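Please read the structure below before turning to the comments.
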Amino acid sequence: MTWIAPDRVFDGERLHDGMALLIEGSRVADLAPLDPRMGARRVPGLLTPGFVDLQVNGGGGVLLNAEPTVAGMEAIASAHRALGTVALLPTVITDTPEVLDRAAEAALTARGRAGLLGLHIEGPHISLTRRGTHAARFIRPLDERTMDVVRRLREGGVPVLLTLAPEATAP
């Protein structure tokens with residue numbers, strides 16, 4: 001158990017001065033007014049909770065669609081971790097069904113690894129007229145193949161975020 005005392009602490013709602021955090025193992029166990037008897041280690045700067053990003057296409061020179069592998073996901077997570085993101089959803093965008101399959105297999109293999117929360121499937125079931133950078137040739141209505149991928153991920157314990165347009169599926 002270790003006390004640390006940053007110059008300032010943001011707890012997710014407010015900024016605090018003159019506070020210390022009790023670290024037990026890998027968790028913050030307490031936030032209390034700084035007391036010299038704590039023997040707190042001084043830490044310069046502002047301490048904030050880590051960021052959680054639910055749409056991450058790439059990082060560290062890697063795009064998930066170009067490298068839909070565990071190594072690709074870990075490189076992306078590592079690059080974002082260096083900037084304060086502690087957890088993320090690697091995001092595969094509109095592409096061939098094979099790219100989605102490879103990203104899903106990687107997500108299944110990476111399940112439970114530090115910082116990787118699951119898989120965000122952004123397309124190909126999006127609006128053709130509002131597709132942004134997504135390749136029009138891969139956009140299609142929601143289909144059984146994608147649903148099979150989602151089921152396989154969920155059965156494997158992998159959280160999934162599926163982005164789709166209302167017009168891409170029947171109500």
Exercise. Can you tell me which of Val9, Val56 is under 30 Å from Glu122 (Cα atoms), aliphatic (A, V, I, L, M) and within 26 Å of the chain's Cα centre (by Cα)?
Worked result: Val56
For this session: Could you list all residues from the range 51-63 that are in contact with a strand residue (DSSP E or B) (Cβ under 8 Å, 6 or more places away or on another chain) and either assigned to a strand (DSSP E or B) or surrounded by fewer than 13 Cβ atoms within 10 Å (Cβ to Cβ) (or both)?
Result: Phe51, Val52, Asp53, Leu54, Gln55, Val56
Exercise. Taking Pro124, is it more than 15 Å from the chain's Cα centre (by Cα), assigned by TED's automatic domain parsing to the domain that holds Phe138 and closer than 30 Å to Pro166 by Cβ?
Worked result: yes
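Is there a residue in the range 22-29 that is of a type outside the set (Val, Ile, Thr), touching a residue at least 12 places away in the same chain (Cβ under 8 Å) and assigned by TED's automatic domain parsing to the domain that holds Val149?
No, the range 22-29 has no match at all.
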For this session: Sort out for me the strands (runs of 3 or more DSSP E) sitting completely within the range 1-50 that have 2 or more residues that are among the basic types (Lys, Arg).
Result: 41-47
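The values are calculated or read from the model by the stated rules, or taken from the named source; none is laboratory data. Nothing here was measured: the structure is a model prediction, and the numbers come from that model. Methodologically, a virtual Cβ is constructed for each residue, glycine included, from the backbone with ideal geometry; neighbour enumeration extends over all protein chains shown.
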